[in-house]
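Written below as structure tokens is the structure these notes are about.
Any read-out appearing in this document is the output of simple, stated calculations on the displayed coordinates, not a laboratory observation. Source: prediction; values computed, not measured. Ideal geometry is used to build each Cβ from the backbone, glycine not excepted, and the neighbour counts take in all protein chains shown.
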Amino acid sequence: MIKTLVFDLGGVLIDWNPRYLYRKLIDDENDIDSFLSEVCNPEWNVKQDAGRALAEATAERIALYPEKKPLIEAFYDRWEEMLGGEIGESVEILRELKNKGESLYALTNWSGETYPIAEERFAFLQWFDGTLVSGVEKMAKPDPAIFHLLLNRYELQAQDCIFIDDSMINIEAAARIGFETHHFESAAGLRQKLIAANLL
């Protein structure tokens, strides 16, 4: 019987989107698309999630795109403006699970330098029995190592866990290790999944 829930944070419980910042800095949506796909792109950002220093990452991009220096510097200087807030319906599900006494863990791809900002802002991050932040651990999903670290550190068994993430790549990685999984697309869908699993 599944008795432990492992939550991703960004896109599941927290609305994080670089566009919230760059719509203030770049007028044209197509230019925002180009900047976030070519300059400060997901492949670059995930290296910070895996532990690379923000200053090093910023310097690397400026060296490649010197004409974009102010926009690149804004990515982490004004990072907090990318936080849109909590995803209320998901947090309510988390609250219900916490009140029922379910075991709750978080496994998040997040820079160790920016995570404290979120931790201060979102009180529900204290509800977890344990949290693994990729940037602190110097490894990131979908690397199997971070899933095994979660299991070993908190003495969990994959088959006893349901892993919830909005990234299909991460879902597939967890499933290969033996986790029950739920690909998060909406809070309503998550609620249905947990009701079916007798967790709500």
- Item | Positive-end extreme of charge dipole, the stretch 16-83 - chosen from Tyr65, Ala50, Cys40 (charges on Cβ) | Ala50
- Message: Could you tell me the extents of the chain's C-alpha atoms along the three principal axes, largest first, rounded to whole Å?
- Response: 56, 30, 28
- Note on the structure: Non-local residues with an amide H under 5 Å from the amide H of Asp166, with H modelled 1.01 Å from N and Pro and chain starts lacking one, are Phe184
- Note on the structure: Number of Lys pairs in the chain closer than 26 Å at Cα, excluding neighbours under 8 places apart unless interchain, is 15
- Query: Can you work out D for the stretch 92-196 in µm² s⁻¹ from Stokes-Einstein, where Rh is the Kirkwood radius over C-alpha pairs, the temperature is 25 °C and the viscosity is 0.890 mPa s?
  - Reply: 170 µm²/s
- Post the alpha-carbon centroid distance, the stretch 42-75 to the stretch 80-106, in whole angstrom. 30 Å
- Task: Translational diffusion coefficient, Stokes-Einstein: compute it for the stretch 16-83 using the Kirkwood radius over C-alpha pairs as Rh, at 4 °C and 1.567 mPa s, and state it as an integer in µm² s⁻¹.
- Result: 108 µm²/s
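Sorting Val46, Val6, Val133 on the 10 Å Cβ count, fewest up front, what's the list?
Val46, Val133, Val6
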